[in-house]
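The values are calculated or read from the model by the stated rules, or taken from the named source; none is laboratory data. Fair warning: this is a prediction, and the values are worked out from it, not measured in the lab. Glycine also receives a Cβ, built like all others from the backbone with ideal geometry; neighbour counts cover every protein chain displayed. The accessibility values were calculated without ligands, DNA or RNA, using every heavy atom of the protein model including side chains. Shrake-Rupley method; radii C 1.70, N 1.55, O 1.52, S 1.80 Å.
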Amino acid sequence: LETWRDVVGYEGYYQVSNTGKVKSISRNIWNGKGYIKSSGKLLKQGTNQKGYPIVYLSKNSKSKTITVHRLVAKAFIENPSDMDEEILSLINPKLIWVSQVTDAMKKLEPGTTVTIDSSEKLVYEGTV
């Protein structure tokens, strides 16, 4: 079942679904001469240099490029450290929120030696 929620920071402008779709919301937009009616529609997604799906969001004449997985995570996981089964069942089960350190560690092969600085070494055992 697809569920839609407001995009955090763009409430009233855009919504994101638990399946990764992003849509604009119907609203009146000032074009410099007057208001025009803008119909809501699904946004086309591009891909960034790392291969992640992205969308372009605009608000108050400012555009921003945002990765779709971050929009989904922010909309469906209130406190990433306090995820429960109900929330996880709403979103893609492969989507989890981790720190940059944890993300980097998950990309290492077990047994890899990581040099933190010249005096410390850490051997990654394969569990994060």
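Of note:
- Computed with every protein chain present, the accessible area of I77 is close to 10 Å² [probe 1.4 Å].
- Note on S26 and K64: with the Förster distance fixed at 22 Å, the Cβ-Cβ geometry gives a FRET efficiency of about 0.60.
- Of the listed residues S38, S61, the order by accessible area with a 1.4 Å probe, largest first, is S61, S38.
- Summing charges over all other residues whose Cβ lies under 12 Å from the Cβ of V16, with Lys and Arg as +1 and Asp and Glu as -1, gives +2.
- The HN-Hα couplings worked out from phi for region 50-66 by the Karplus form 6.51 cos²θ - 1.76 cosθ + 1.60 (θ = phi - 60°) are 8, x, 7, x, 10, 9, 10, 10, 10, 7, 6, 6, 10, 9, 9, 9, 9 Hz, whole numbers, x standing for Gly and Pro.
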